[in-house]
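Student: Before anything else, here's the structure in question.
The values are calculated or read from the model by the stated rules, or taken from the named source; none is laboratory data. The structure displayed is predicted, hence computed values, not measured ones. Cβ coordinates were reconstructed from backbone atoms using ideal geometry, including for glycine residues, and neighbour counts include every protein chain displayed. With ligands, DNA and RNA removed, areas are computed over all heavy atoms of the protein, side chains included. Shrake-Rupley method; radii C 1.70, N 1.55, O 1.52, S 1.80 Å.
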Number of protein chains: 2
Amino acid sequence: MAVQSTAAAATQSATVSPESPGTSPSADAGYGTSFGPAAALSCRECGTRFPLSPIFACQECFGPLEVAYDLPLGDPDELRRRIEAGPASIWRYAPLLPVPADVAERPNLNPGWTKLIKADNLARELGVTGGLYVKDDSGNPTHSFKDRVVAIALEAARTFGLTTLSCSSTGNLAGAVGAAAARAGLRSCVFIPHDLESAKVVMAAVYGGELVAIEGSYDDVNRFCSELIGDPIGEGWGFVNVNLRPYYGEGSKTLAYEIAEQLGWRLPDNLVIPIASGSQLTKIDKGLKELIALGLVEDKPYRIYGAQAEGCSPVSAAFKAGHDVVRPVKPDTIAKSLAIGNPADGPYVLDITRRTGGTVEDVTDEQIVDAIALLARTEGVFAETAGGVTVGVLRKLIETGQLDPAAETVVLNTGDGLKTLDAVAGTGPTATIRPTLSAFREAGLA
Amino acid sequence: MAVQSTAAAATQSATVSPESPGTSPSADAGYGTSFGPAAALSCRECGTRFPLSPIFACQECFGPLEVAYDLPLGDPDELRRRIEAGPASIWRYAPLLPVPADVAERPNLNPGWTKLIKADNLARELGVTGGLYVKDDSGNPTHSFKDRVVAIALEAARTFGLTTLSCSSTGNLAGAVGAAAARAGLRSCVFIPHDLESAKVVMAAVYGGELVAIEGSYDDVNRFCSELIGDPIGEGWGFVNVNLRPYYGEGSKTLAYEIAEQLGWRLPDNLVIPIASGSQLTKIDKGLKELIALGLVEDKPYRIYGAQAEGCSPVSAAFKAGHDVVRPVKPDTIAKSLAIGNPADGPYVLDITRRTGGTVEDVTDEQIVDAIALLARTEGVFAETAGGVTVGVLRKLIETGQLDPAAETVVLNTGDGLKTLDAVAGTGPTATIRPTLSAFREAGLA
């Protein structure tokens with residue numbers, strides 16, 4: 001017996017549709033148990049299923065594909081124990097991911113199992129009384145949540161026999177791909193716009209793969225990558241966020257699993273999640289529903305809130321206007337890792353936030369910087385701008401009565417402040433003094 | 001029955017000196033069980049013991065003080081199980097540290113339990129056949145091993161009723177103290193030289209404590225801090241690396257514990273450890289000997305190798321010259337976190353490396369940069385300059401026949417490459433091209 005988790009289920013309600021084993025098309029594709037419980041790729045628009053392969057668009061309607069599973073129904077207690085006995089990484093959830101059972105033994109960066117921090121100081125400042133947690137993904141190997149998604153894409157690349165790992169990126173992803181490929185012994189070739197900040201260029205180049213700067217915008221880089229995939233040059237290439245995207249996206253489910261397990265196998269009332277393409281938010285929702293369907297947590301309502309920067313807030317604008325579609329914008333914000341003006345998963349984000357009773361909100365660059373400082377001085381966590389967006393939005397949600405402060409809330413920090421130092425470059429010494437006690441007294445510090 | 005682990009034992013051989021309970025001076029000091037198994041402060045020169053208190057120099061001979069323990073002798077299997085069931089942080093070793101039993105429940109950054117990475121790619125490049133591991137402390141909350149030592153000092157500060165956490169620092173330590181104090185709800189006031197790199201200033205300031213820039217060198221900062229401790233202004237202040245230094249130093253023992261546990265409760269043949277003050281190396285040796293004395297690992301020989309940058313290599317110079325004392329130098333190296341010209345623990349490092357059959361070696365700045373790149377491209381680990389020093393020294397040790405490549409070796413990376421980006425600022429794109437396939441082909445990348 002198995003739980004069939006499809007795109008349709010993931011965007012509506014948690015549906016348990018037992019089907020008999022052996023009907024999985026994965027066997028047809030010839031990859032055996034390489035994808036674990038994954039059964040097929042399924043179109044999120046029309047539901048058509050395809051064998052597991054390096055494709056990303058529906059051959060019927062051009063809709064996006066995602067991984068559908070025959071998840072292991074059985075004794076939830078036994079599955080919980082199996083997970084708890086697993087490694088301190090996302091691979092403890094291998095039974096729920098499109099990866100082989102021996103994935104932890106293959107050379108990879110072993111991301112995940114990052115800290116869920118009980119944020120009592122921040123809760124006091126914000127007036128949260130129901131319990132507040134920060135899920136801090138700056139603890140990943142290259143210090144952003146991207147290590148999770150790249151790790152799954154890497155396994156797919158190995159299974160498909162792809163030998164070059166690639167991506168288009170504005171920073172975090174380039175570093176994550178470079179590091180993962182280096183460790184796995186694969187070639188990497190990563191594409192970035194030519195005018196990136198030097199720190200991000202260094203992070204993308206230091207792992208020794210090919211780094212190609214493109215004279216043009218991020219959109220130009222993306223267009224070029226699509227061209228490359230269609231050309232014979234691109235044979236044997238796995239673009240983690242293009243032709244491996246269905247696998248890549250599944251990595252974000254592990255955030256849901258970890259939050260639930262770290263809370264003692266239960267769901268929080270509210271989650272505040274940043275929106276770039278929107279994929280992370282939709283996959284966290286998918287993960288939460290799988291946990292319920294598998295009996296790993298008790299079924300209860302939860303609200304998902306989306307967080308954007310005002311300078312790139314197409315989903316927030318659509319939410320507030322009551323629209324079902326998202327109108328693209330030209331990004332202008334310091335939160336560059338969230339600066340996707342035409343978010344592919346925008347409509348799904350609108351569905352999920354509305355279905356769960358959450359909202360989508362945005363904050364200004366000034367509020368982002370204030371929130372970075374707030375989180376640092378209350379909990380000792382130095383977040384990148386995306387973390388300033390989620391904490392800033394949480395504050396705004398409480399102030400405007402959109403989020404119940406008496407409910408239990410988890411807010412995500414998806415990256416590290418060391419990667420976006422420019423945002424807080426104004427932070428400096430309280431005083432500069434001569435090395436004498438009298439100078440110290442005169443500065444009013446004694 | 002208890003294992004008495006003293007300074008004298010730590011610099012000679014692992015001595016087990018059972019003594020009856022109740023003779024511990026800790027009871028006299030009035031702190032009850034606040035320091036767990038710690039029994040006293042003990043002078044590393046003359047062995048005189050003092051009650052646990054915020055002092056750091058022997059009142060008899062002015063020698064440095066360190067923590068002496070009545071460690072829990074008993075069934076090693078039971079202790080191992082207790083540790084394995086503990087939290088994924090240094091607090092799993094609370095029974096072996098000068099901290100209260102409930103330490104994990106107090107607000108702190110929960111550092112440690114960082115990855116021990118099996119480095120097969122690096123091993124192949126270096127010709128290591130006996131197994132090679134990287135202990136990667138960039139995974140700590142503020143991305144250096146300093147979180148370990150600060151966490152122990154923080155608990156001592158709380159026990160002594162100190163309300164301001166302080167330090168002199170050139171970077172990593174300032175961030176670790178600022179973050180730990182913020183999370184614990186203590187005031188912090190950190191002192192740095194006025195001419196630090198801006199990234200380090202931001203990291204020191206972002207947690208919201210007082211940050212005081214001193215017009216002068218790091219030596220001037222240190223002198224000023226010593227003056228402050230002796231002045232009434234300094235009452236209630238805990239300088240983690242001055243008056244709390246005996247506690248602070250114990251944090252480095254956890255590196256030894258973690259390496260042994262992560263290897264499956266056994267010792268490696270060789271350890272390559274960076275030398276700044278030398279404290280980390282001496283405490284790792286202390287930790288390894290405790291593991292043997294407690295029966296947690298089998299007793300076997302191990303060799304400890306010290307690693308310095310050529311531009312600040314007073315211990316390496318003394319080792320090679322056969323001296324017992326270390327002649328101070330004026331540092332000039334890109335490995336700034338190791339740039340201590342007059343290392344306090346230098347003589348102890350010479351003792352330990354000679355006693356265990358290891359050596360002390362140094363590498364040039366160019367070799368440091370090469371080693372950072374080597375580690376990044378083989379294992380996907382981006383190390384700070386201190387990690388370039390240890391990996392570079394490992395390579396040199398093998399090339400010069402000082403380290404047996406058929407033996408099992410652990411090399412330490414104590415910090416994150418994002419903190420010392422300048423060292424690899426020359427790293428950049430392979431090519432910069434127009435977004436066309438023909439440009440890609442012309443660049444020779446297809």
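Student: Only one of (1) touching a residue at least 60 places away in the same chain (Cβ under 8 Å); (2) under 14 Å from the mean Cα position of the chain (by Cα); (3) open to solvent by less than 10 Å² (accessible area, probe 1.4 Å) fails for A:Leu296. Which number is that?
Tutor: (2)
Student: Here is a further query. Return the residues of region B:266-291 that are of a type in the set (Asp, Glu) and open to solvent by 10 Å² or more (accessible area, probe 1.4 Å); say none if nothing qualifies. If you could, list the steps in order and put the result at the bottom.
Tutor: Of region B:266-291, the ones of a type in the set (Asp, Glu) are B:269, B:285, B:290.
Within region B:266-291, just B:Asp269 meets the criteria.
Student: So which residues in region A:396-408 are open to solvent by 10 Å² or more (accessible area, probe 1.4 Å) and in a loop (DSSP other than H, G, I, E, B), if there are any at all? Steps first, please.
Tutor: Let us first name the residues in region A:396-408 that are open to solvent by 10 Å² or more (accessible area, probe 1.4 Å), namely A:396, A:398-402, A:404-408.
Hits for region A:396-408 are A:Thr400, A:Gly401, A:Gln402, A:Asp404, A:Pro405, A:Ala406, A:Ala407, A:Glu408.
Student: Follow-up question, since we're still on this one. Run B:Ala373 past the list (1) open to solvent by 10 Å² or more (accessible area, probe 1.4 Å); (2) away from chain A (no Cβ under 14 Å) and report the number of the one that doesn't hold.
Tutor: (2) is the only condition that B:Ala373 fails.
Student: Could you say which residue among A:Val411, A:Val393, A:Val349, A:Val389 is open to solvent by less than 10 Å² (accessible area, probe 1.4 Å), touching a residue at least 40 places away in the same chain (Cβ under 8 Å) and not in a helix (DSSP H, G or I)? Don't jump to the end; show me each part of the working.
Tutor: Numbers: A:Val393 fails: not in a helix (DSSP H, G or I); A:Val349 fails: not in a helix (DSSP H, G or I); A:Val389 fails: not in a helix (DSSP H, G or I).
Going through A:Val411, A:Val393, A:Val349, A:Val389 in turn, the sole match is A:Val411.
One line per residue, one yes/no per condition, for (1) in contact with a helix residue (DSSP H, G or I) (Cβ under 7 Å, 6 or more places away or on another chain); (2) at pLDDT below 95:
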| residue | (1), (2) |
| --- | --- |
| B:Ala7 | no, yes |
| B:Gln12 | no, yes |
| B:Glu19 | no, yes |
| B:Ser26 | no, yes |
| B:Tyr31 | yes, yes |
| B:Phe50 | no, no |
| B:Tyr93 | yes, no |
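Student: Right, next: From the list A:Asp416, A:Asp404, A:Asp422, which one is out of contact with any Phe, Trp or Tyr (no Cβ under 8 Å at 6 or more places or on another chain) and under 21 Å from A:Cys312 (Cα atoms)? Steps first, answer last, please.
Tutor: Working: A:Asp416 fails: out of contact with any Phe, Trp or Tyr (no Cβ under 8 Å at 6 or more places or on another chain); A:Asp404 fails: under 21 Å from A:Cys312 (Cα atoms).
Within the list A:Asp416, A:Asp404, A:Asp422, the selection yields A:Asp422.
Student: Give the residue that is nearest to the other protein chains (Cβ to nearest Cβ), with candidates limited to residues of region B:399-427 that are closer than 23 Å to B:Lys115 by Cβ and β-branched (Val, Ile, Thr).
Tutor: B:Val424
Student: Residues in region A:210-247 that are touching a residue at least 40 places away in the same chain (Cβ under 8 Å) and either open to solvent by 10 Å² or more (accessible area, probe 1.4 Å) or more than 10 Å from chain B (Cβ to nearest Cβ) (or both): how many?
Tutor: 14
Student: Can you list residue pairs whose Cβ atoms sit under 7 Å apart, with the first residue in region B:435-446 being facing another protein chain (nearest Cβ under 9 Å) and within 15 Å of A:Gly216 (Cβ to Cβ) and the second being open to solvent by less than 40 Å² (accessible area, probe 1.4 Å) and aromatic (Phe, Trp, Tyr)? Count only pairs 6 or more apart in sequence or on different chains.
Tutor: B:Pro435/A:Phe224
Student: Okay, moving on. Can you name the condition, by its number, that B:Ile340 falls short on among (1) part of a helix (DSSP H, G or I); (2) away from chain A (no Cβ under 14 Å)?
Tutor: Exception for B:Ile340: condition (1).
Student: Here are some conditions: (1) more than 8 Å from chain A (Cβ to nearest Cβ); (2) part of a loop (DSSP other than H, G, I, E, B); (3) in contact with a helix residue (DSSP H, G or I) (Cβ under 7 Å, 6 or more places away or on another chain); (4) crowded, with 23+ Cβ neighbours inside 10 Å. B:Val381 meets all but one. Which one does it not meet?
Tutor: (1)
Student: Here's a follow-up. Search region B:152-171 for residues being surrounded by fewer than 24 Cβ atoms within 10 Å (Cβ to Cβ) and of a type in the set (Ser, Thr, Tyr), and hand back the single one that is nearest to B:Ile229 (Cα to Cα).
Tutor: B:Thr164
Student: Taking the stated definitions as given, is A:Ala339 surrounded by fewer than 20 Cβ atoms within 10 Å (Cβ to Cβ), of a type in the set (A, V, I, L, M, F, W, C) and in the same structural domain as A:Gln402 (by TED's automatic domain parsing)? Reasoning before the result, please.
Tutor: Working: surrounded by fewer than 20 Cβ atoms within 10 Å (Cβ to Cβ): no; of a type in the set (A, V, I, L, M, F, W, C): yes; in the same structural domain as A:Gln402 (by TED's automatic domain parsing): yes.
It is false that A:Ala339 is surrounded by fewer than 20 Cβ atoms within 10 Å (Cβ to Cβ), of a type in the set (A, V, I, L, M, F, W, C) and in the same structural domain as A:Gln402 (by TED's automatic domain parsing).
Student: If a residue has to be among the acidic types (Asp, Glu) and free of Cβ contacts under 8 Å to residues at least 12 places away in the same chain to count, how many in region A:175-209 make the cut?
Tutor: Let us first name the residues in region A:175-209 that are among the acidic types (Asp, Glu), namely A:195, A:197.
Still in the list and also free of Cβ contacts under 8 Å to residues at least 12 places away in the same chain: A:195.
Qualifying residue count for the region: 1.
Student: Turning to a different aspect of this structure: Within region A:59-86, how many residues are over 25 Å from the mean Cα position of the chain (by Cα) and surrounded by 15 or more Cβ atoms within 10 Å (Cβ to Cβ)? Let's see the steps before the verdict.
Tutor: Going residue by residue through region A:59-86, those that are over 25 Å from the mean Cα position of the chain (by Cα) are A:59-61, A:73-78, A:81.
After this cut, where a residue has to be surrounded by 15 or more Cβ atoms within 10 Å (Cβ to Cβ) as well, the list is A:73.
Going through region A:59-86 one residue at a time, the tally reaches 1.
Student: A further question on this structure: Across region B:352-366, which residue is nearest to the other protein chains (Cβ to nearest Cβ) among those that are assigned to a helix (DSSP H, G or I) and touching a residue at least 40 places away in the same chain (Cβ under 8 Å)?
Tutor: Taking region B:352-366 and keeping what is assigned to a helix (DSSP H, G or I), we get B:352-356, B:365-366.
Next cut, touching a residue at least 40 places away in the same chain (Cβ under 8 Å) only: B:352-353, B:355-356, B:365.
On the way: B:Ile352: 31, B:Thr353: 31, B:Arg355: 35, B:Thr356: 31, B:Asp365: 17 Å.
It comes out as B:Asp365.
Student: Evaluate region A:429-446: report whether one residue or more is touching a strand residue (DSSP E or B) at 6+ places or on another chain (Cβ under 7 Å), within 28 Å of A:Asp147 (Cβ to Cβ) and among the small types (Gly, Ala, Ser). Please lay out each step first, then the result.
Tutor: If we filter region A:429-446 for residues that are touching a strand residue (DSSP E or B) at 6+ places or on another chain (Cβ under 7 Å), which is where we start, we get A:429-433, A:435, A:439-440, A:443, A:445.
With within 28 Å of A:Asp147 (Cβ to Cβ) added as a condition, the list becomes none.
No, region A:429-446 contains no residue that is touching a strand residue (DSSP E or B) at 6+ places or on another chain (Cβ under 7 Å), within 28 Å of A:Asp147 (Cβ to Cβ) and among the small types (Gly, Ala, Ser).
Student: Taking the condition of being within 7 Å of chain A (Cβ to nearest Cβ), surrounded by fewer than 23 Cβ atoms within 10 Å (Cβ to Cβ) and either farther than 18 Å from A:Pro435 by Cα or charged (D, E, K, R) (or both), how many residues in region B:175-197 meet it?
Tutor: 1
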